[in-house]
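The values are calculated or read from the model by the stated rules, or taken from the named source; none is laboratory data. Computed from a prediction, not measured in an experiment: that's the story for all the values here. Every residue, glycine as well, gets a Cβ built from its backbone with ideal geometry; the counts of neighbours run over all protein chains shown.
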């Protein structure tokens, strides 16, 4: 079940949320250092992690699930967020180069449908960056952050899920090796603790990160009625009616 958008904003406005955002951002940007001219869609509550990609990507948009609610982003300037149905993403087939998933897979009640929709909207050889809570971490055991809600995963579970959804994981990473504590000392030396954790106890990291590529030789599951749905143009400036196959 999705948290309310206000709960996400409250966490990321906190001192611990600022630290978590900074640490995860660094790992995501290291996995995708160059996104020049690419179209990127974030799904879930992903806006805390999209800002670094706006510096070079051609277009960046954020889709927030209807049960979660939507919040305007960025806080200044043209809004780049939209409310979305996980069963039918408002994007045209093969229109997106990259997708980033944060606070999505662990919360959705339409897991395989959502992944099938992501496969549909990604271009051939498109890539998916999935961030999920690590089942063996303290972050998944305590409800002090959004990473303590929903269904956590081990690396093996996430690997099987992505493979079944016709994605091939290429690179694995971890983040949030520091404990989920708002203590001043932990926050002050957060990066040092994180660096130590990456070396000494990586399997207990707060999140598991997978960089996966769309299997272009896989066939989309057939079935379902053909219907007209409203889709967003990748630059987020306009919409059009598009006939899509579920």
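Of (1) assigned to a helix (DSSP H, G or I); (2) over 28 Å from residue 155 (Cβ atoms), residue 22 satisfies all except one. Which?
The one condition residue 22 does not meet is (2).
Looking only at the range 183-238, filter to residues that are closer than 30 Å to residue 22 by Cβ and in a loop (DSSP other than H, G, I, E, B); which one of those is modelled with the lowest pLDDT?
Across the range 183-238, the extreme among qualifying residues is 236.
With the requirement that a residue be surrounded by fewer than 22 Cβ atoms within 10 Å (Cβ to Cβ), touching a residue at least 24 places away in the same chain (Cβ under 8 Å) and out of contact with any strand residue (DSSP E or B) (no Cβ under 7 Å at 6 or more places or on another chain), what does the range 52-70 give you?
52, 67, 69
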